[in-house]
Amino acid sequence: MKRLALAAAVLTASASPLYGQTQKVTPPIAVYWMSVETNAGMGMGMPAGMGGMLPPGMQGGKRMKLDLGSSRSASGPPRADHAIPAGLAMGQSLPLVTPQAERPQGRSEPGDPNFERPKGRMLIYWGCGEAIRAGQPVIIDFASLGTQEASQAFKSRNVRRPTGPAFGRNRTFGDWPNNENSTQVPQQASLVGNHTVAGNYSPEIHFSVGERHDFMAPVAFDPVNKTSAGAFQVKWQAIPTATGYFATAMGQGDNQNDVVMWSSSEVQEMGHALMDYLPPNEVRRLIKETIVMSPQITECTVPAGIFKGEGAMFNFIAYGDELNVVHPPRPKDPRTPWEQQYAVKVRLKSTGMTMLAEGGMGDAGRSRGRAERDAPSSQSEQRSAPSQPARPPSGADAVQQGIDALRGIFGR
């Protein structure tokens, strides 16, 4: 018995250095982020020729932001390029240009003599459903707003997410788009394939993108319906690779100095920190906290009586998965140091917007063919076309009226 106990003690003592050892990890020399967005905007489903009338933030399309940061200094003037697969249809490579240092612009603060306190009020609502819930709205009067009141009123969750490469954060940095190249991403573009990033201030980076991490499907809304009680029913088509959904809306209150904010969260949440890329683990946490909608949900009703008139804007985000690659892979033996050369992150989102008005923007696409068919094919044909009897307003007319209303509300 004593021999067995002694043998067990010897085995435990000999194994403990291995199990208790902490692996030495060296951070990556280079970090490369691809931020990939599919933006439905309000232009992708609009009649032909009308998308260009919208402000840039309302125009749809595929977008990318490429950021390369390194702890190395460049051997000579910094340069780097991202060799892209043919499916992107943007040439053989995209240049990653190091920005020039710029003098920071000063901002007016409350103590500044040039600071002008905003006028009016902000009314904050939240939650899907036909009726406004008890305890709402939270009202913020800008004229008497103090620091403590502001922190309580503008509630937003702290979101844990890694910090990406940026100019001034890394010893050497390059990004795209830039002054050298800002080519628009084509609608048919695909990320699927092999990618290589090479330059004179980082190790050569290799990674592959599969269909799961390609551009997400665009947000597609059904026509907005207004219930008999005056609530707005917003429905959307499920996005196959989405990990969750979140929505906000903004519009006018009782007068032009009242701004009304609403979010789809089940608890008070402004949502400004959530209308951006979120890691999948954070999305799962926020779903459990009833702040973010699960990917199985495909509709939300904005309560009646929140917005005065039909001109509020409904903003929507579908969070996507992430591709994370670290080279070399982590050694299984904890006694072997993990000396990382590079880390790659491909993060995804799909965004869109529609109007909280009967019909919204969901049926705009159906009027595209009719608008193209009815429109004169040239300016000369338009001048010589004979006058026609007045016809009932089409979907295109309703869209244009909505745009005019939005510009009036938001000063665009």
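The numbers here are math on the coordinates, done by the rules we state, and not lab data. What you are looking at is a predicted structure, and each value in this text was computed from that prediction instead of being measured. Every residue, glycine among them, receives a Cβ derived from its backbone with ideal geometry; neighbour counts consider all protein chains shown.
Couple of notes before you dig in:
- Tensor-based shape of region 259-303 (alpha-carbon gyration tensor, a/c under 1.5 rounded, otherwise prolate or oblate): oblate
- In region 169-231, the ratio of gyration radius to Kirkwood radius, Rg to Rh, stands at 1.22 when only Cα atoms are counted.
- Two-site FRET efficiency, SER228 against ASP276, from Cβ-Cβ distance with R₀ of 30 Å, rounded to 0.05: 0.25
- Shown here: region 136-265, whose C-alpha atoms stretch 58, 40, 29 Å along the first, second and third principal axes, sorted largest to smallest.
- Placing a label point 7 Å from the Cα of HIS327 along the Cα-to-Cβ line, the residues of region 68-100 whose backbone N sits under 20 Å from it are 68-75, 79-88, 92-97.
- Potential extension, ARG212-ARG161 segment - 0.36 nm per residue separation minus Cα distance: 16.3 nm
- Normalising the Debye intensity of region 162-202 to I(0), with uniform scatterers on Cα atoms only, and taking log10 at q = 0.16, 0.17, 0.34 Å⁻¹ returns -0.66, -0.74, -1.14.
- The share of Cα pairs per 10 Å bin across region 205-347, counted from zero up to the longest distance, runs 10, 31, 28, 16, 9, 5, 1 percent.
- Distance between the C-alpha centres of region 243-289 and region 189-231: 21 Å, rounded to the whole angstrom.
- Cα gyration tensor shape for region 282-344, rounded if a/c is under 1.5, else prolate or oblate: prolate
- For region 217-285, the Kirkwood estimate of hydrodynamic radius, built from reciprocal distances between every pair of different alpha carbons, is 14.5 Å.
- Ordering 205-212, 238-245 by mean Cβ neighbour count within 10 Å, with the highest value first, yields 238-245, 205-212.
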